[in-house]
Structures are given as C-alpha cells and as structure tokens.
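**Q** Before anything else, here's the structure in question.
Computed from the coordinates by the stated procedures, all read-outs in this text should not be read as laboratory data. Being a predicted model, the structure only gives us computed values, none of them experimental. Backbone-built Cβ (ideal geometry, glycine too); neighbour counts: all protein chains shown.
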Amino acid sequence: MSIEAREARQPWILLAPALTAIGLLLIVPLMFIIVYSFWLRSAAGADTPGFFFDNWIAALTDRFYRDILLNTLKIAAVTTVACAVLGYPAAYFIARSQGNKLILLVLLMLPFWISYIIRTMSWINILGVSGALNSALIWVGIINEPIQMLYNETTVILGLVHFLLPFMVLNIFVSLDGIDTNLEDAASSLGATRWQGFLQVTLPLSLPGLAAGGLLCFVLAAGTYITPVILGGPRDAMFANLVYEAIIRQLNWPLGSALSLLLLIVLGVLVLIYNRYLGMAQLAKGLG
Amino acid sequence: MSAVSLTDIVKRFGDFTAVHKMSLDIAEGSFVTLLGPSGCGKTTTLRMIAGLLDPSEGEIAIKGKRVNDVPIHKRNLGLVFQNYALFPHKTVADNVAFGLNYRNVGKDDARKKVAAALDLVQLPDLGGRYPKELSGGQQQRIALARAIVIEPDVLLLDEPLSALDANLREDMRVELKRIQQRIGVTTVFVTHDQTEALAMSDQIIVMSKGRVEQVGAPEEVYNTPASEFVAQFLGASNLLSAQCTGVSDGEISVEVSGFPKLSIPRERAPKITSAGPVRLVIRAEKLHLRPAGSSVDNGLSVDATVENVDYQGQSARYFLRAGEHQMQAVNMIEDHPFATGEKVSLRLRNRDCAALPAVSES
C-alpha cells in the first residue's frame, strides 16, 4: 500500500470504533423508531406493520400534545435563561481567579459524582412539607402550617437549573478563559470603564460559549423526563413524559415513536436555526 | 514640568518586592526606555504608570497631576502590548476608533482621525479587515494606531517588538521611532533588548532586580556603565580585576596583570576616587585583533590566543585568552577571520576602557 493511501485510511481507522458505536447504538435504533412511527396499533393490542400516517396526524393535530410541546419548550427556555444569568458571573469569576481555578472547576464538577436522580430528589428534603425550608420557617415563626412548595412548574424549573447549571458554567468558562486579559486592559486604557469594556469586548467574545451552553441546556431541558416526574405535579408533564406514557404504560410503540420523533425534529430545527443565526461565523473568524 | 514622574515608588507582591523605592522623571516629548532582563521590574513599573497596578508606596504624577487614585480609563494613556491585544471581533477601523467612542468626537471627525492614524502607520487600506487577517507586523501597527489616535498624554509600549521576527523587528523599530518623532508624544518603552534601547531612546533606564542601575543617554550608558550589571547587560564587556595605583586630575592609573599600564580618563571612571582594587571594563567591540608581532602604532598591545571563533558573517566574536584573563572581542572581518589557536595581538586605547569600583560579591 502506498504511503498516501495509508495516510488517507488512518483517520478512518481511528474513527472506526466511535462510528461503529454511534451506528449500532444511535443510528440503527433511530431507524427502528422511524419505521415504528408508521405502524399502527390495533385495538387488539398487536402492532400492524405498514405505512400509516395516523400516529403523525395524532401527534401533530391533537391540542393536548401541542400544548405540552409548547409548555416543554417554554420550560426549557426559562431554564436556559436562568442558567445563563446565574452561570455567567460564576464562570467569569472562575475564569478570572488566579491560582485556584482548578479547585473551583473541581467543585463545579463535584455534583456530577452524585446521581442526577438523587440530586433532584434532594429538593424534596429541602422544599417538602417536612423539609428544611418549611421547618425553618415554622421555627422562626413566619408560618404555622407547612406550605406545599413542591410539585409545580417552578420546582421543575428549579430542578432543571440545578441539574444544568454546571454545563452552562463550563461552556461559558471555556470561552472566557480563552480571552486574552490584555483585551480588557486595552479597552480600559482607551477610556472604557470596566463595565463598558465588558460589554464591548468580553461579552461579545464569550457569546460562542454562552450560545453553546444555552443550546446544550435547552436541548437537555426540553428532553427531560425525570425532573417533572419527581418534582412536578400531575399537570406538569413534559413532552418526554408523554413518550414514556405512550410506550411504557400504553405499550403503544408506534405513537410513542412518532411523538419522540416530533420532539427530535423540533429540537433539530432549533439547532439548525441556532447554527444559521448564532453560528458565530463572524466571531469565529476573529477568534481563530 | 515632567510628563511622568515617579516618586519613591515601591511595588510589593506579598513578600516579594518587585520594585524598590524608585524615583524617575520623564521629560515631555522624550523617548525613555526601561531596559532590563525579565523580572527586573520594568513591566511592573510600566503597569503602575498605566494604572493597571497600584503602587504599594509612593506617588505617580502625569503632567504634574497625581494620578494614584485616577482609574486607568481616565488617565488618557496609549498602551501597546507585546501580543498586540487587538479586539478580534472588530474591524481594524473599529479597533482604531474604539478609544474615540469614549471621547467627545463626532462621527465624521472620528472617521477622519482613524484615517489619519492608519495613514501614519502606513496601512491606509486595511480599515475593513479583521485583525486575524493581518500579519504580526501589521497588527502591531494597528495597535499603535489605536493607541495614538486618542492623542494620549503618554504612550506606553510593553515590549511591542518582541513578538515579531528579526527583520521585521528592525523595520518596526525605525518606524516606531519615526512615528514617535512625528507626533512628539512622550513615550515609555519597555524592552529587554539592548539594541532596541540603544537605537530608539533619548534616555535609558537600566533596571535589575527591581532597582534602577543607571539612568542616562544611550551613549552614556553604553560607554560609561555605572555598574558591572550595566556593563554586562549592554553588549559584551570584558570585566577584569585591576588595581588603581593613582588618581590625578585628568586620569587614573590602572594596572592589570599581563597588561601595559593604563591611564584611563576620569570621565570613564567617575566613581573611582582613590587608589585600590577596581574592575576594568573593556567593551568587546573596542578590542582590536591584529596578527601577532605586527607593529604597534599607537595605543596599547596585549598578546593573546584565539580559543574559539563565533563567525557572524560581517563580524566575528572571538573568545580569547590573554595570560590569566578570559576575554571576548567582536571585530569586523576584513579578509578572513582569525582562526582558533592563532596567536594575536590585542590593541586597545585608554579612552575605550572604563573603571568601576570593585565590589564584593553581593
């Protein structure tokens, strides 16, 4: 084999394990789901293979599904904005701290050592009827009876922010850490106050990280299923709960497949829009 | 009134003192260089003038006004960094115009000023480009344009040439000096490169370990180093242990083993006031090699052997042994360089020697 041919093959050899895993574990099951979504579940309980649009029509026209989809996107959006607002100052602080940057990053990663489910359930101990907050309020004397704070949309968002904040902080941190601190000094020397320098220089240069963190948070939040189960009330189901309901409870694989594909398509379109408008081509040019 | 004056400035970082009590006056319109090896405190000093660091003690005044408590964005200084520090997301024109946005400059006026600044750095057509699309030399010119367009009271340059390659560095050196002379802005330049310092400065401040070793015009610092550090840092110098045997009005007599008796002019040894041990300083460029046995016209002669030759094209650096002394000489090559092992005769003149007090190792 010539050297050129061997060099041309090398990347593929290195990529092969990853591509195989993605192919077997992601692409193939996805194909199954696509095929399932056109099958039909008969009243008798057996699935009818074929090419029917019934599930898709149900998923797209049923107001129940549509409302939950919109609410899911709204919850994801609120979560993302909250993560950005809470995460940016933290990321900035870590990026600009000298010496103990590594310790702070380890602390940031620390929650990942505990299961996401356990972390989510911890809110029951904090906000529950006999939780820490109610006990404290009763002890102080502000309230006499415990208040039901759990099982609503706010607690779902709280749980999601708790879960997703490190992802946002990490993404913003990475882009902030790559910004030359001389740029802020240069801006100050030219007459900009620290805040003006931040708005003019640091913030625009960190937008790629903010946008990447935002996209990650949004997609993970929109696809979440455990948080509403643990922290949400009966009316706080998110779209992934519908999929679970259809497939596990009703054993309606075809409908569940169509619903899950619908969510995938909606999020995919959002990713494309992100890529089109926030693709940061302009900024990336300057950063390279 | 001096453009910048530092009075008893001290800068400490924890237990470490980066700058020891330092006082300095920089004349309006002059080009002053802080020269020294890395860690000598030169950049710390510059950053204190800029307002990026607060001095631990002492007073900084710009144009006679105390600025210790004036934040950097109100000091009206031009700052140029080693890595250019251009805003990567802004065009060249927007980079240059940045400082004008915070001054009361109208849009048309700003456009004219930006164009004039780009003209001054000889890059009039690059306004629409992004910094990444420019070469290092071009980026540094833009950084300079951005710093001078605001008509700063003082221009501060932090090793602005050291990221450029050798040829470009020499061009930029000439260019920088031309621009500085054209606009007449007081300039403080930080470098570890003695050639840059000698070529560009009106005044050089040689620093070492947070202290000022010498302040003077380039020729003065070069010819009459005030300390062994200065003698060695600026060019290659031979430092020999010697004995001063007499001080008269015009000159001092110095004896070095293996050398003929030297009579050094007093202005080359301002610190020698009495007989005793001294250090003799002879610049490597001032030692001239001649073939052994060639006639001595005027001046002094010492026999030596070439131990090594560092050939540099138009010149050569010779490592020599003269009796007990290891010496260096840098000579232009007229025909062929002298060869390793060759016996030579070193010529030197009294007025090319300088003498420093012998100091115990500190």
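**Q** Just to be sure I understand: with springs between alpha-carbon atoms less than 10 Å apart, which residue in A:P208, A:P29, A:P254 has the highest mean-square fluctuation in the Gaussian network model of chain A?
**A** A:P29
**Q** Place +1 on the Cβ of every Lys and Arg and -1 on the Cβ of every Asp and Glu in the stretch B:237-333, take the dipole about the Cα centre, and give the residue among B:I272, B:S253, B:Y318 whose Cα lies farthest towards its positive end.
**A** Value: B:I272.
**Q** Another question about this same structure. Local charge sum around B:C244 (other residues, Cβ-Cβ under 14 Å, Lys/Arg +1, Asp/Glu -1)?
**A** Net charge in that neighbourhood comes out at +3.
**Q** Okay, moving on. Within the set B:K113/B:K177; B:K21/B:K42; B:K90/B:K132; B:K21/B:K63; B:K107/B:K177; B:K11/B:K209, which residue pairs have Cα atoms separated by over 18 Å?
**A** Values: B:K113/B:K177 21 Å; B:K21/B:K42 13 Å; B:K90/B:K132 10 Å; B:K21/B:K63 21 Å; B:K107/B:K177 30 Å; B:K11/B:K209 12 Å.
The pairs that break the limit, which is 18 Å between Cα atoms, are B:K113/B:K177; B:K21/B:K63; B:K107/B:K177.
**Q** Quick one: which residues, 5+ away or cross-chain, put their amide H under 5 Å from the amide H of B:N238? H built at 1.01 Å from N.
**A** Here B:I282, B:R283, B:A284 satisfy the definition.
**Q** If you stretched the chain out fully between A:D47 and A:I124, how much longer would it get, using 0.36 nm times the residue separation minus the C-alpha to C-alpha distance?
**A** Contour length minus Cα-Cα distance gives 23.7 nm.
**Q** How about the stretch B:180-261: which chymotrypsin sites (Phe, Trp or Tyr not before Pro) there lie in a loop by DSSP and see at most 16 other Cβ atoms within 10 Å?
**A** Sites meeting the loop and neighbour criteria: none at all.
**Q** Right, something else. Please compute the average number of Cβ atoms from other chains found within 10 Å of each residue's Cβ in peptide B:140-147. Present the calculation step by step, with values, prior to reporting the outcome.
**A** Numbers: counts 0, 0, 0, 1, 0, 0, 3, 3.
The shielding value for this peptide is 1.
**Q** What's the center-to-center distance, using Cα atoms, between the stretch A:8-82 and the stretch B:133-185 in Å?
**A** After rounding, the separation between the Cα centres reads 58 Å.
**Q** Something else about it: List the aspartates and glutamates whose Cα sits under 16 Å from the Cα of A:K74, skipping any in the same chain fewer than 8 residues away.
**A** Hits, sequence-local ones excluded: A:E153, A:D236.
**Q** Turning to a different aspect of this structure: Which of B:G184, B:G58, B:G14 ends up with the largest GNM mean-square fluctuation for chain B, with Cα atoms connected below 10 Å?
**A** Among B:G184, B:G58, B:G14, the largest GNM mean-square fluctuation belongs to B:G14.
**Q** Please compute the length gained on full extension between B:F319 and B:K271, using 0.36 nm multiplied by the number of residues separating them and subtracting their Cα-Cα distance.
**A** 14.4 nm
**Q** Taking H placed 1.01 Å from N in the peptide plane, check which residues at least 5 places from B:E251 or on another chain put their amide H under 5 Å from its amide H.
**A** Under 5 Å from the amide H of B:E251: B:R266.
**Q** Can you pull out the trypsin sites (Lys or Arg not before Pro) in the stretch A:192-271 that DSSP calls coil and that have at most 12 other Cβ atoms within 10 Å?
**A** A:R235
**Q** Let me ask something else about it. May I ask you to sort B:M327, A:M149, A:M121 by Cβ crowding, counting other Cβ atoms within 10 Å and putting the fewest first? All intermediate terms of the calculation are to be shown ahead of the outcome.
**A** Working: B:M327 21, A:M149 18, A:M121 15.
So the ranking, lowest neighbour count to highest, is A:M121, A:M149, B:M327.
**Q** Could I ask something else about it? Using only atoms on other chains, find how many Cβ atoms lie within 10 Å of each Cβ of peptide B:74-82 and report the average.
**A** Per residue, the number of nearby Cβ atoms from other chains is 3 on average.
**Q** Across the residues of A:176-187, average count of Cβ atoms on other protein chains within 10 Å?
**A** 5
**Q** Mean separation of Cα pairs under 8 Å and 6+ residues apart, divided by the residue count of the stretch A:62-287: what relative contact order is that in percent? Intermediate results must be reported in sequence, preceding the final value.
**A** On the way: 230 pairs, mean separation 60.4, N = 226.
Relative contact order of the stretch A:62-287: 27 percent.
**Q** Explain nothing, just compute: Karplus ³J(HN,Hα) = 6.51 cos²θ - 1.76 cosθ + 1.60, θ = phi - 60°, for every residue of the stretch A:142-151 in order, whole Hz, x for Gly and Pro.
**A** Running phi through 6.51 cos²θ - 1.76 cosθ + 1.60 with θ = phi - 60° gives 6, 10, 9, 10, x, 9, 7, 9, 8, 6 Hz.
**Q** Can you bin chain B into rounded, prolate or oblate? Criterion: square roots of the alpha carbon gyration tensor eigenvalues sorted a ≥ b ≥ c, rounded for a/c under 1.5, prolate for a/b above b/c, oblate for the rest.
**A** Taking the square roots of the gyration eigenvalues as a ≥ b ≥ c, chain B is prolate.
**Q** If you don't mind, another one. For chain B, which span is the longest to avoid every loop-located (per DSSP) member of trypsin sites (Lys or Arg not before Pro) having at most 16 other Cβ atoms inside 10 Å? Walk me through the numbers on the way to the answer.
**A** Working: sites that count: B:K63, B:R103, B:R129, B:K209, B:K261, B:K271, B:R349.
The longest such stretch corresponds to B:130-208.
**Q** Residue by residue through the stretch B:183-199, what is 3J(HN,Hα) from phi via Karplus (6.51 cos²θ - 1.76 cosθ + 1.60, θ = phi - 60°)? Round to whole Hz and write x for glycine and proline.
**A** Along the stretch B:183-199, the couplings run 8, x, 7, 4, 10, 10, 10, 10, 7, 10, 9, 5, 4, 4, 4, 5, 6 Hz.
**Q** On a straight-distance basis, which lysines could pair with B:K286 in a cross-link, Cα separation under 22 angstrom, same-chain partners fewer than 8 positions away excluded?
**A** Correct list for B:K286: B:K261, B:K271, B:K343.
**Q** Would you tally the net charge around A:N152, using a Cβ to Cβ cut-off of less than 10 Å, leaving A:N152 out, and scoring K and R as +1, D and E as -1?
**A** Net charge in that neighbourhood comes out at -1.
**Q** Points 7 angstrom from Cα along the Cβ direction at B:V359 and B:Q181: gap in nanometres?
**A** 3.5
**Q** Just the number, please: percent antiparallel of the DSSP beta bridges in the stretch B:117-214, rounded to the nearest 5. Provide the component values of the computation, followed by the final result.
**A** Working: 3 of 8 bridges.
Given both bridge residues lie in the stretch B:117-214, the antiparallel proportion sits at roughly 40 percent.
**Q** Below 15 angstrom from the Cβ of B:C353, what's the summed charge of the other residues (Lys, Arg +1; Asp, Glu -1)?
**A** On the way: positive: B:K261, B:R266, B:R268, B:K271, B:R279, B:R283, B:K286, B:R347, B:R349, B:R351; negative: B:E228, B:E251, B:E255, B:E267, B:E285, B:D352.
With Lys, Arg at +1 and Asp, Glu at -1, the neighbours total +4.
**Q** Expressed in nm to one decimal, what extension gain is obtained for the pair A:Q196 and A:V269 from 0.36 nm per residue of sequence separation less their Cα-Cα distance?
**A** Stretched out fully, the A:Q196 to A:V269 stretch lengthens by 22.8 nm.
**Q** If amide H atoms are built 1.01 Å from N in the plane of the peptide, which residues on other chains or at least 5 residues away come under 5 Å of the amide H of B:R211?
**A** Amide H neighbours of B:R211, under 5 Å, 5+ apart: B:H20.
**Q** What is the stretch A:62-287 by shape, rounded, prolate or oblate, if you read a ≥ b ≥ c off the alpha carbon gyration tensor as root eigenvalues and call it rounded for a/c under 1.5, prolate for a/b larger than b/c, and oblate otherwise?
**A** Note, shape of the stretch A:62-287 comes out oblate.
**Q** With each pseudo-label sitting 7 Å past Cα toward Cβ, what's the A:I226-B:R66 distance in nm, one decimal?
**A** 6.2
**Q** Please state, as a whole number in µm²/s, the translational diffusion coefficient that the Stokes-Einstein equation yields for the protein assembly as shown at 20 °C and 1.002 mPa s, with Rh defined as the Kirkwood radius across alpha carbon pairs.
**A** 68
**Q** Assuming R0 = 30 Å, what is the FRET efficiency of A:V81 and A:V174, from their Cβ-Cβ distance, to the nearest 0.05? Mind showing how you got there, number by number?
**A** On the way: r = 20 Å, r/R0 = 0.67.
Approximately 0.90, to the nearest 0.05.
**Q** Still on this structure, I have one more. Taking DSSP loops as anything outside H, G, I, E and B, show the longest stretch in chain B free of GluC sites (Glu not before Pro) there with at most 12 other beta carbons within 10 Å.
**A** B:1-323
**Q** I want to check the label-to-label distance for A:L26 and A:A8. Put each point 7 Å from Cα in the C-beta direction and report it in nm to one decimal.
**A** Using points 7 Å along Cα→Cβ, the separation is 2.7 nm.
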